[in-house]
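J.: Below is one structure. I have some questions about it.
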Amino acid sequence: MKNRSYLALEGISVTFPTRNGPFTALDQIDLSIEKGEFVALIGHSGCGKSTLLNVIAGLTKASRGVVFLDGEVIDRPGPDRAVIFQDHSLLPWLTVEENVRLAVDQTMKGSRAERRDWVRHNLELVHMTHALGKRPAELSGGMKQRVGIARAIAMSPRVLLMDEPFGALDALTRASLQDAVMDIQAKTNNTVVMITHDVDEAVLLADRVVMMTNGPAATIGEDLRVGLPRPRNRIEVAESRDYIQARAEVLHFLHQRFSNPADQAAA
Amino acid sequence: MLSTANAVATFSHTPETADDGESEAVVAPPSPAPAAAAPSKELPVRRLPRIVEAAGEAAATIFPTLVVIAALLAVWQFACAAPTSALPSPSRIWTESHDVIMHPLKGVTFHGIVPSVEDGDVGIAVHIVTSLRRVAIGFGLAALCGIGLGVLIGQSRLAYRALDPLFQVLRTVPPLAWLPISLAVFQQAQPSTIFLIFITAIWPVILNTAAGVQAIPPTYRNVGKVLALNPYQYFVKIMLPATVPHMFTGLRIGVGMSWLAIVAAEMVQGGTGIGFFIWDSYNSSLLTDTIVALVWIGLVGFSLDRIVGWIGRRIAHQS
């Protein structure tokens, strides 16, 4: 038997039927992620990164290929792969606490008090205990996403999936949430796959930046290891040589090698 | 034109009771006519407690309606003033149907708070309650089945394709067209009336619930999937709360339609109920009684609509 990584994608292809015949979104993707690794998936809009994340989440079925998590085949969604959605997707009729509570009740055994404390603990990690009884509509975008993060990590997932989690936020809020994610990651050491199209975000947060080629039939173009030591501080890191070089490589990939779909068709 | 003054005075009774608390608290002299209520609330409002302010706002909302009603009554009174007029004037209604207007609870005796109804000639409120009871049963069944079927066709594409065309055709059938079938099947007046209510009210409930289920944002579905909620949990925790606003739109339309249907059904079948009351008064050439019944029907229908709407808002806020 092959020695697989913790999370292993083997030959993943996704084809959607359309009116003009089948459309291949992803073509033969192989990706191996070790336990505790933080991987950023980056690529232009429409390159199929969300599709790939949904395949790992089990929300989209791969047309070909298999996803293994800890040696088991993944074929359906489950709370062991928590997703942080771009639009936070908190349930508007539940309070902050109830939203997290719903996830905890699904994933955690133990007494009421234990579950309650676990909900509070995770909301503390994102600094949202002040809003326990509030409904999502009363919160700002950044706060909602903090709760979304708390909900996901409260599920103690084996893999944490983030689908452009900060895409809808302004730059300052985004920075503070990135810091929050780095903080939490230092404590929990989750295995994370994050989709982004922000180069700085990818390099700052991730251990590896996986760059995807343009669709259709997108695949992995380059896989860059970011060797920056942790904990990372956004101001110090910005001046380091490793950071600047990693950033330059990703930019080069996105804006020269795969700048637009026409180049991709020629390649 | 004593009768004109009489009619207007009758009606101006309502505004005074409506904003009594307000006008008396705001200004010392109680406004004799509704026209005086508007200027009276302008000046002192700023320094007054919140409740008075709220009452003032309510009065400002109601006031235009009252003016229109008063004007309509006046025109009606003027147009139908002749004793030979086919349509009775408001003042004639007041005099001829005095008993019906003033004794809606005729035939009801109270033992403590428990009412008991005598047989025979009863007041209009008793007829209304009889009709409401039928609506409660028929509409209750329609709400249950309608929400069930709505969830089914909203959730399953196959069920939608199979059933939606059927529903779309059936919902256009007027309530009374069901009556012969209903009578033939149930043989008795009571169950067939209830069936009529049911079959009238169920369509908007089904179709609105289905639309609500179909409109659940895909991200909520994904949350349900990621959390691996079982179908029952998904129904209770996500589908139901997400669909409540649509559901209550359907229920609100449904309750209005069942009120339309009950009156029609009772008119045809006779015996008891507000529909029967109308038919009976028509047969006895008591057109004024019919008009009184019309007002009752309108007010009760309006209240039903508001009650269902209010419950919907309460549930939407809580869940």
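The values are calculated or read from the model by the stated rules, or taken from the named source; none is laboratory data. Quick caveat, the model's predicted, so the values are computed rather than measured. So basically every Cβ, Gly included, is an ideal-geometry build from the backbone, and we count neighbours across all protein chains shown.
J.: Given the structure, is A:Lys35 more than 12 Å from chain B (Cβ to nearest Cβ) and surrounded by fewer than 18 Cβ atoms within 10 Å (Cβ to Cβ)?
T.: Considered against the rule, which asks whether it is more than 12 Å from chain B (Cβ to nearest Cβ) and surrounded by fewer than 18 Cβ atoms within 10 Å (Cβ to Cβ), A:Lys35 comes out as yes.
J.: Still on this structure: Please determine, by comparing only the residues of the range A:123-136 that are surrounded by fewer than 17 Cβ atoms within 10 Å (Cβ to Cβ) and part of a helix (DSSP H, G or I), which one is nearest to the chain's Cα centre (by Cα).
T.: Ranking the candidates gives A:Glu124 first.
J.: For the range A:73-84, check the following and say yes or no: at least one residue is of a type in the set (Gly, Ala, Ser) and within 11 Å of chain B (Cβ to nearest Cβ).
T.: Scanning the range A:73-84, I find at least one residue that is of a type in the set (Gly, Ala, Ser) and within 11 Å of chain B (Cβ to nearest Cβ), so the answer is yes.
J.: Return yes when A:Leu59 is more than 13 Å from the chain's Cα centre (by Cα), within 14 Å of chain B (Cβ to nearest Cβ), assigned to a loop (DSSP other than H, G, I, E, B) and closer than 29 Å to A:Met211 by Cα and no when it is not.
T.: Answer is yes for this residue.
J.: Next up: Is it the case, given these coordinates, that A:Arg247 is charged (D, E, K, R), farther than 23 Å from A:Gly46 by Cα and modelled with pLDDT of 90 or more?
T.: So A:Arg247 fails the test.
J.: Looking at the range B:184-197 only, could you name the residues that are in contact with a helix residue (DSSP H, G or I) (Cβ under 7 Å, 6 or more places away or on another chain) and closer than 17 Å to B:Gly275 by Cα?
T.: Within the range B:184-197, B:Ala189, B:Ser192, B:Thr193, B:Ile194, B:Phe195, B:Leu196, B:Ile197 qualify.
J.: Do the conditions hold for B:Trp259, that is, is it modelled with pLDDT of 90 or more and more than 30 Å from A:Thr95 (Cα to Cα)?
T.: Judged against the criteria, B:Trp259 is a match.
J.: Among the residues of the range A:100-112, which ones are at the interface with chain B (Cβ under 9 Å from one of its Cβ atoms) and polar (S, T, N, Q)?
T.: Once the filter is applied, which keeps residues that are at the interface with chain B (Cβ under 9 Å from one of its Cβ atoms) and polar (S, T, N, Q), the range A:100-112 yields A:Gln106, A:Thr107.
J.: Let me ask something else about it. In the range B:82-111, what residues are over 14 Å from B:Leu287 (Cα atoms) and surrounded by 15 or more Cβ atoms within 10 Å (Cβ to Cβ)?
T.: B:Pro104, B:Leu105, B:Lys106, B:Gly107, B:Val108, listed by residue number.
J.: Within the range B:269-288, count every residue that is within 20 Å of the chain's Cα centre (by Cα), in a helix (DSSP H, G or I) and touching a residue at least 40 places away in the same chain (Cβ under 8 Å).
T.: Residues meeting the conditions: 4.
J.: If a residue has to be assigned to a loop (DSSP other than H, G, I, E, B) and not aliphatic (A, V, I, L, M) to count, how many in the range A:62-108 make the cut?
T.: Final tally of qualifying residues: 17.
J.: Can you tell me which residue in the range A:1-32 is nearest to A:Glu222 (Cα to Cα), limited to those that are in contact (Cβ under 8 Å) with a residue 12 or more places away in the chain and part of a loop (DSSP other than H, G, I, E, B)?
T.: Here the answer is A:Ser5.
For every residue, the table says whether it meets (1) of a type in the set (Ser, Thr, Tyr); (2) away from chain B (no Cβ under 14 Å); (3) over 15 Å from the mean Cα position of the chain (by Cα).
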site: A:Ala8; (1), (2), (3): no, yes, yes
site: A:Ser13; (1), (2), (3): yes, yes, yes
site: A:Phe23; (1), (2), (3): no, yes, yes
site: A:Gln28; (1), (2), (3): no, yes, yes
site: A:Phe68; (1), (2), (3): no, yes, yes
site: A:Leu94; (1), (2), (3): no, no, yes
site: A:Glu114; (1), (2), (3): no, yes, yes
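J.: Check off (1) over 14 Å from A:Leu91 (Cβ atoms); (2) over 34 Å from the mean Cα position of the chain (by Cα); (3) part of a helix (DSSP H, G or I) for B:Ala228 and give me the number that stays unchecked.
T.: (3)
J.: If you don't mind, another one. Has the range B:258-268 got any residue that is part of a helix (DSSP H, G or I), within 14 Å of another protein chain (Cβ to nearest Cβ) and either touching a Phe, Trp or Tyr at 6+ places or on another chain (Cβ under 8 Å) or buried (at least 17 other Cβ atoms within 10 Å of the Cβ) (or both)?
T.: no
J.: Just to be sure I understand, how many residues within the range B:219-257 are more than 8 Å from chain A (Cβ to nearest Cβ) and either hydroxyl-bearing (Ser, Thr, Tyr) or within 23 Å of A:Met162 (Cα to Cα) (or both)?
T.: 6
J.: Oh, and also: List the residue pairs whose Cβ atoms are under 7 Å apart, where the first residue sits in the range B:190-212 and is assigned to a helix (DSSP H, G or I), the second is surrounded by 24 or more Cβ atoms within 10 Å (Cβ to Cβ) and among the aromatic types (Phe, Trp, Tyr), and the two are 6 or more positions apart or on different chains.
T.: B:Ile197/B:Phe139; B:Ala201/B:Phe139
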